[in-house]
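*Asks:* Here it is: the structure, laid out below.
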Amino acid sequence: MPLEGRAFPEWSPPGFVIREVVDPWAFRALEGVQVAAWGYADREVTPGTLFRISSVTGGIVLAAYPLEQPERPVGLAFGFPALRDGVVWHHSHLLAVDPACRGSGLAVALKDVQRRLALEQGLTRMTWTFDPLVTRNARLNLGKLGATARTYLPDWYALEEDRAGAFPADRLLIEWDLARGPVERPAPRPEGLRVLEAWGDAPGAPLPLEGEVLLAPTLLAPTLLAEVPLRADALPEPVRRAWRLALREVLGGALARGFAVVDLAREGERAFYVLRREG
């Protein structure tokens, strides 16, 4: 008989229940959720054995199950304590939802339960990474959870065999104040200085973040906007690569100069990262 961890029906969306995972076979079943969500090859899947050991050494492993199929996971959240310079926080490594369940509220609910359990451990901050070309994740992280990105990570992962020809696996590092729960709000209109805009399907030339633009406050809008394609995965590889490098230049440059990515704005079929200066 499978072992069951704590269930959180009061924080689960209708039709589902989110539970802590404690059973070895239930950990193994979470491998399939990753394949369904992202099409991972075997070597890219986080194995059930790692979930198992993490769950008893301070990690948080959550799964979402349909009420009518209580042993079939359709979502997962996984993270663990992180330590640097004497500061401890929670780093979330995985959030996955079966594509058939997208739009159900599971992603926000899983993240919120993960937040609550990290707070139980006495932790007050959570970090994770996401691909800035995936606007669906940007909307979740920035617009629904209310988290912020302050660090750009170029070439963060090695996901292909050939270093020279691989598509750059850049990531934004998200930071979430766990005292704040999800704060879903409508996507704002893009109002600010447009430092990157599309030119057809491809990115136009980025506005240089240097010289008078940054030195003269009267010339610098309090908000910067960097366009990102809504469906980068549907673009030809050379165009996606051009967007990757343009966003690396603009987002990386702005974050290094004290800005933070705080939201994803929408204007019809166009999307823009919203950046504001901190401090």
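The values are calculated or read from the model by the stated rules, or taken from the named source; none is laboratory data. What you see is a predicted model, and the numbers here were worked out from it, not measured in a lab. So basically every Cβ, Gly included, is an ideal-geometry build from the backbone, and we count neighbours across all protein chains shown. Remember, those area values only see protein heavy atoms, side chains included, never the ligands or the DNA or RNA. Shrake-Rupley method; radii C 1.70, N 1.55, O 1.52, S 1.80 Å.
*Asks:* Using the Cα centre of the range 141-279 as the reference point, and only Cβ charges (+1 on K/R, -1 on D/E), how large is the resulting charge dipole? Debye, rounded to the nearest 20.
*Replies:* Here the range 141-279 has a charge dipole of around 360 debye.
*Asks:* A further question follows. Taking all pairs of different Cα atoms in the range 16-69, averaging 1/r and flipping that mean, what Kirkwood radius in angstroms comes out?
*Replies:* It works out to 11.7 Å.
*Asks:* Using θ = phi - 60° and the Karplus form 6.51 cos²θ - 1.76 cosθ + 1.60, what ³J(HN,Hα) does each residue of the range 128-133 get, whole Hz, x for Gly and Pro?
*Replies:* 6, 10, 8, 7, x, 7
*Asks:* Determine the share of the range 4-99's accessible area contributed by carbon and sulfur atoms, expressed in whole percent, with a 1.4 angstrom probe.
*Replies:* After summing per-atom areas, the C and S share lands at 56 percent.
*Asks:* How large is the dipole of the chain about the Cα centre if only Lys and Arg carry +1 and Asp and Glu carry -1, each at its Cβ, rounded to the nearest 20 debye?
*Replies:* Taking the Cα centre of the chain as origin, the dipole is about 500 debye.
*Asks:* Could you tell me the ratio Rg/Rh of the range 112-188? Both radii from Cα atoms, Rh via Kirkwood.
*Replies:* 1.06
*Asks:* Another question, then. Just to check I understand the Karplus step: with θ = phi - 60° and J = 6.51 cos²θ - 1.76 cosθ + 1.60, what whole-Hz values come out for the range 99-110, glycine and proline as x?
*Replies:* x, 5, 10, 5, x, 8, x, 5, 4, 5, 5, 4
*Asks:* Sort 244, 84, 102 from largest to smallest accessible area, using a 1.4 Å probe on the heavy atoms of the protein chains.
*Replies:* Putting 244, 84, 102 in descending order of accessible area: 84, 102, 244.
*Asks:* Across 5 Å bins from 0, what is the distribution of all Cα-Cα pair distances for the range 60-107, in whole percents?
*Replies:* 5, 20, 22, 19, 12, 8, 7, 5, 2, 0
*Asks:* Once the convex hull of the alpha carbons of the range 57-151 is built, what does its volume come to per residue, in cubic angstrom?
*Replies:* Roughly 110 Å³ of hull volume per residue.
*Asks:* What accessible area per residue comes out for the chain, rounded to a whole number of Å², with a 1.4 Å probe?
*Replies:* 51 Å²
*Asks:* What percentage of the solvent-accessible surface of the range 118-163, computed with a 1.4 Å probe over protein heavy atoms, is contributed by carbon and sulfur atoms?
*Replies:* 47 percent
*Asks:* I've got another one for you. What number in nm² do you get for the range 233-279 if you take the convex hull of its Cα atoms and divide its surface by four?
*Replies:* 3.8 nm²
*Asks:* Per-residue ellipticity at 222 nm for the chain, helices alone: DSSP H runs ≥ 4 residues times -39500 (n - 2.57), over residue total, nearest 500 deg cm²/dmol?
*Replies:* Calculated from helices alone, the mean residue ellipticity at 222 nm is -7000 deg cm²/dmol.
*Asks:* Identify, among 239, 173, 145, the residue whose Cα sits farthest towards the positive end of the charge dipole of the range 110-259, taking +1 on the Cβ of Lys and Arg and -1 on the Cβ of Asp and Glu, with the dipole about the Cα centre.
*Replies:* Farthest towards the positive end: 145.
*Asks:* At q = 0.12, 0.14, 0.16 Å⁻¹, work out log10 I(q)/I(0) for the chain with the Debye formula, treating every Cα as an identical point scatterer and leaving solvent out; two decimals please.
*Replies:* One equal scatterer on each Cα of the chain leads to -0.79, -1.05, -1.30.
*Asks:* Moving on. Against the empirical 2.2 N^0.38 Å scaling, what ratio does the C-alpha Rg of the range 139-275 come to?
*Replies:* Compared with the compact-globule rule of thumb, the range 139-275 sits at 1.07.
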